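What follows is a short report on a single structure.
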Amino acid sequence: MFISFEGTEGVGKTTLIRKIYEYLVQQGQEVVLTREPGGTPMAEQIRSLLLSVNHDENMSNDTELLLMYAARAQHLQQVIVPALLVGKTVLCDRFTDASFAYQCAGRGLSREKLNVLNQNFVSHMPSVTFWLDAPIELGMSRARERGALDRFEQEKVAFFEKVRAGYQELFEQSPERMKRLDATQNPEQVFEQAVAYLK
Ligand SMILES: Nc1ncnc2c1ncn2[C@@H]1O[C@H](COP(=O)(O)OP(=O)(O)OP(=O)(O)O)[C@@H](O)[C@H]1O
Ligand SMILES: [Mg+2]
């Protein structure tokens, strides 16, 4: 099984994925917990490039998209595909839906660019995707409490509203894969919603 976790900043993806990891391990499954962008040493270096705030040079939207897919290609080849091939469950904190939501819906890049990348460089798609949905301000206030904001977190509310609308669009397009979780609830309740779907 390949499960991804999606949603805007601070909604609780990382909190939920850790709980699901423990839950599945307790059930005796072999589970790989990983994240995007990142998940391998090289892809984590690309992540640093993507998240760091550089006041001297703005990153172009195309560069952002391509770096996401460079990291993803490495991650798929080194981590995700080998794990799935030996029957492990892969839990991934963000995957291709985030590229649609952030780079297309958020930044305004064409779906055509994304489709070319998905068709050529994404060999495996999650069978289940948990979309943690909550009002933008709620997630941002949770994220703010964690400390310094990265390049994405510094974006304005209007940008994240577009990202959230992008997730909504994906949700409507693929209701069998995407499961919407009410992320305004407390961590335990969000976990129970996810487990109900897994059962
Ligand atoms: N359901 C929840 N209710 C209240 N607080 C929560 C909930 N889930 C997570 N938190 C807290 O909110 C903060 C952000 O949570 P978390 O890091 O899991 O979000 P995230 O979606 O992974 O964020 P990011 O997009 O920045 O990676 C953390 O301090 C976490 O403890
Ligand atoms: Mg996180």
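All of the numbers you see were taken from the coordinates with simple rules; none came from a lab. Just so it is clear, the structure is predicted and the values come from calculations on it, not from any experiment. In this analysis, Cβ positions are derived from the backbone assuming ideal geometry, glycine residues included, and neighbour counts consider all displayed protein chains.
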Whole-number value, in Å³ per residue, for the convex hull of the alpha carbons of segment 35-128 is 94 Å³
Sorted largest first, the C-alpha extents of segment 2-198 along its principal axes in whole angstrom are 49, 35, 32
Exposed-loop cut sites defined as GluC sites (Glu not before Pro) in DSSP loop states with at most 14 other Cβ within 10 angstrom; longest site-free run of the chain spans 58-144
Surpassing 28 Å at the alpha-carbon level, of the pairs Lys88/Lys162; Lys156/Lys179; Lys19/Lys179; Lys13/Lys162; Lys19/Lys88, are Lys88/Lys162
Percent antiparallel among DSSP beta bridges confined to segment 2-198, rounded to 5, stands at 0 percent
Listed by chain and number, the residues whose amide H is under 5 Å from that of Leu109, excluding neighbours fewer than 5 places away on the same chain and using placed H, are Cys104
Note, segment 94-106: 3J(HN,Hα) by Karplus (6.51, -1.76, 1.60, θ = phi - 60°), whole Hz, Gly/Pro = x, goes 6, 8, 4, 4, 5, 5, 5, 5, 7, 7, 8, 5, x
Expressed in angstrom and rounded, the centroid-to-centroid distance over alpha carbons for segment 133-199 and segment 10-25 is 13 Å
